[in-house]
1. Relative to the compact-globule scaling 2.2 N^0.38 Å, provide the ratio for the alpha-carbon radius of gyration of segment 115-206.
2. Using a 1.4 angstrom probe on the protein heavy atoms only, line up E137, E69 by accessible area, largest first.
3. Counting other Cβ atoms within 10 Å of each Cβ, which chymotrypsin sites (Phe, Trp or Tyr not before Pro) in segment 112-163 have at most 11 and sit in a DSSP loop?
4. With Rg and the Kirkwood Rh both taken from Cα atoms, where does Rg over Rh land for segment 72-129?
5. At a 1.4 Å probe radius, which order do C80, C147, C89 fall into by accessible area, largest first?
6. Suppose the chain between V187 and K101 were pulled fully straight at 0.36 nm per residue; how much longer would it get relative to their current alpha carbon spacing?
7. Using a 1.4 angstrom probe on the protein heavy atoms only, could you order Y102, Y196 from most to least accessible area?
8. Based on the mean of other Cβ atoms within 10 Å per residue, sort peptides 151-157, 91-97 so the most packed one is first.
Amino acid sequence: MKKYLFPILVNALFAVVDVVLFITWLITKKQELMYPLGFCTGLFISVLSVSLISFMIRKKKLTQTHFDERQLKSRGTCFCVSFFFLLSCLLLDGIVRYSLKYDWSNYLVGIFTWGMISIGVFAIMAIWKDAYTSEGENKLRLSIFLCIVGLIDSIVGMVSIVQNELIVDGQVSVSFINLLGGVVLLVTAVNLFVKYKIDKRKVFIEDEEFETEVC
């Protein structure tokens, strides 16, 4: 049950945000809430779909993802670095907004931007420390899956930018969120694929050397 706790909490968080936005919209009838409400609803459905697909694949293949002690230690380091990176970004964002009096975006876009970049920092560090996936997971399949989701998210973001513009009243619009999320997923997928090819090449070279020694 513990291994499903994180996706359950993430889905519950998006569900609560959706409900709060919907209730707020019902009370205030503000049209400005329509895009955040639609975005959060779409994000909730996407995360829920990914969680269900991942659960069904793992259940079907009866594979369990276990990280060894080295991987857990590396993941802890990556979490710490990405967490302090997020805090630093939020601090700099606050300085820009309040000290320099420059609101480059609304708070939703700002928080999501630094949150997604921090997640990307964690993912890339974990990939190159060989702690992003467990030994039983298929890196190639996961990189392809992330690439597909990233492409879809990027296309949705670009279409939204074309329809609603990227800069509105001197601020980065909410349309930027989908594009950024897609780019982060694509960068993660590329790093995971490159790491997969490097590891595969290392195994091939080691096998060649072993066969040479035997001969």
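1. Numbers: Rg = 16.0 Å, N = 92, 2.2 N^0.38 = 12.3 Å.
After normalising by residue count via 2.2 N^0.38 Å, the value is 1.31.
2. Numbers: E137 50, E69 160 Å².
I get E69, E137, largest accessible area first.
3. none
4. Values: Rg = 13.3 Å, Rh = 12.1 Å.
The Rg/Rh ratio comes out at 1.09.
5. Numbers: C80 75, C147 50, C89 15 Å².
Descending order: C80, C147, C89.
6. Working: separation 86, 0.36 × 86 = 30.96 nm, distance 3.22 nm.
Length gained, V187 through K101: 27.7 nm.
7. Values: Y102 125, Y196 55 Å².
The residues order as Y102, Y196, largest area first.
8. Values: 151-157: 17.4, 91-97: 12.7.
Averaged packing, sorted descending, gives the order 151-157, 91-97.
The values are calculated or read from the model by the stated rules, or taken from the named source; none is laboratory data. Quick caveat, the model's predicted, so the values are computed rather than measured. Cβ atoms come from the backbone with ideal geometry, glycine included; neighbour counts cover every protein chain shown. With ligands, DNA and RNA removed, areas are computed over all heavy atoms of the protein, side chains included. Shrake-Rupley method; radii C 1.70, N 1.55, O 1.52, S 1.80 Å.
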